[in-house]
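I have placed the structure first, in the form of structure tokens, so that the comments after it can refer back to it.
The values are calculated or read from the model by the stated rules, or taken from the named source; none is laboratory data. All figures in this text were calculated on a predicted structure; none of them were measured in a lab. Here the Cβ positions follow ideal geometry from the backbone for every residue, glycine too, while neighbour counts run over all protein chains shown. To get the accessible areas, we keep the full protein, side chains included, count just its heavy atoms, and leave off ligands, DNA and RNA. Shrake-Rupley method; radii C 1.70, N 1.55, O 1.52, S 1.80 Å.
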Amino acid sequence: MPRTPTTRRRLHRLFTTCLAGLLALAVAAPARADVGDVTEYPVTTPDSFPAGITAGPDRALWFTESGVGRIGRITTGGSVTEYALPSADGFPFDITQGPDRALWFSEGAAGAIGRITTSGRITEFPLPWTGSFPLGVTSGADRALWFTDSGTNSIGRITVDGRATSYPIPTPDSLPYHIAAAPDGSMWFTEIIAGKIGRVDRSGTITEFPLPTGFEFPSDIAFGPGGMWFTATEKIGRIRPSGAITLFPRPNPGGAADGITRGSDGSMWYADQFGSIGRITPNGKITEFPVAGGADKVPFNIAKGPDGNIWFTELIGNAIGRLQTRAGHWGGPRTPAASPAQAPHHHQLPLRWHPCGPGGFLKAPVPCR
């Protein structure tokens, strides 16, 4: 592999600093804790920093181990298997099931998109342009993989045989983060620094939709009832195909919502880095379920499992969590639901894992560019 470009090295240092900063804040936690309907399964390798997670075609869940260059697999019974990547420091981050029944993942520091079969065979596809740092990745309706490239401020597309194309984002230094498919074939993505939601059609044309203040810092995004749903620090948002945005304030205003997915019940479920798993109904009713010691474990990304339950990564807890979501088995909520707001007043971003600011944390509304 050719020498890593300067831009990619800088982004890798930023994300590595973020992980190290979170680790410094963590305290010792038990290897496993069962609290109510939440069960946690430790990852075998220490300090693996599990990040992305997705359901696979083999009725297991697959996740990235961003700190050690591995891909993990966990059965619904909690058995973990790990596969080492050729690029040990490639920083695997997001992961998705591809159109070919393999798992595809981003490798930011390696500037590559990776593929792993359910039998563990790994292929890496280095991107053909310099400075790339892919983060989010998902499958499109066109049987290709689409991804965000934070290093080149673009959206990428790669076919299953490795042919890649890049589409530049109009807003400079936007830091595209996560990406998801809509039923009409368009792809929607978050711009975490620009404070926008982006849309790219099959031809590569990009349209951007600013959030009300620009300081909501949108993170993950997924298709759900009425449009695309996304996390935005202290709020959960929905953007309709027309671009109309509704923000729903969360009951825990000091939190930092990140991963989001659609559950078996038709609601959207999200992970809060400050220690809970949340549920928001199509009409905006929010309930949050605490994870014991969760603020020290950092629930990060989230997926619906083949068993119908919600599974999530614990970035610092070095574990995979499961929240049982069968009707009547959700446990007690933390607080009552919140009401929606179209343009809320917002001034301060809570402490969260973020590729800006001292030690990787940003606690001010001014984007760092």
Using per-residue counts of other Cβ atoms within 10 Å, averaged over each peptide, order 163-169, 106-112 from highest down. 106-112, 163-169
Cβ-defined net charge surrounding Pro241, 14 Å radius [Lys, Arg +1; Asp, Glu -1]: +1
For the range 225-238, take each phi angle, set θ = phi - 60°, evaluate the Karplus expression 6.51 cos²θ - 1.76 cosθ + 1.60, and give the result in whole Hz per residue in order, putting x for glycine and proline. x, x, x, 9, 9, 9, 9, 8, 6, 8, 9, 10, x, 9
Taking 0.36 nm per intervening residue step and subtracting the Cα-Cα distance, what contour gain separates Arg262 from Ala88 on full extension? 59.4 nm
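Place the peptides 141-148, 113-120 in order of packing, highest mean first, counting for every residue the other Cβ atoms within 10 Å and averaging per peptide. Working shown, then result.
Details: 141-148: 21.9, 113-120: 18.1.
By packing density, highest mean first, the sequence is 141-148, 113-120.
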Hey, can you find the accessible area per residue of the range 248-308 for me, probe 1.4 Å, expressed in square angstrom? 25 Å²
Rolling a 1.4 angstrom probe over the protein chains, ignoring ligands and nucleic acids, what is the accessible area of Tyr83 in square angstrom, nearest 10? 50 Å²
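For Thr138, Thr313, give me the order by solvent-accessible area with a 1.4 Å probe, most accessible first, ignoring ligands, DNA and RNA.
Working: Thr138 25, Thr313 0 Å².
Most to least solvent-accessible, the answer reads Thr138, Thr313.
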How much solvent-accessible surface does Arg279 expose, in Å² to the nearest 10, with a 1.4 Å probe and all protein chains in place? 40 Å²
Calculate one ³J(HN,Hα) per residue across the range 136-150 by plugging θ = phi - 60° into the Karplus curve 6.51 cos²θ - 1.76 cosθ + 1.60, and present them in order as whole Hz with x for glycine and proline. x, 8, 7, 8, x, 5, 8, 6, 10, 9, 10, 8, 8, 10, 5
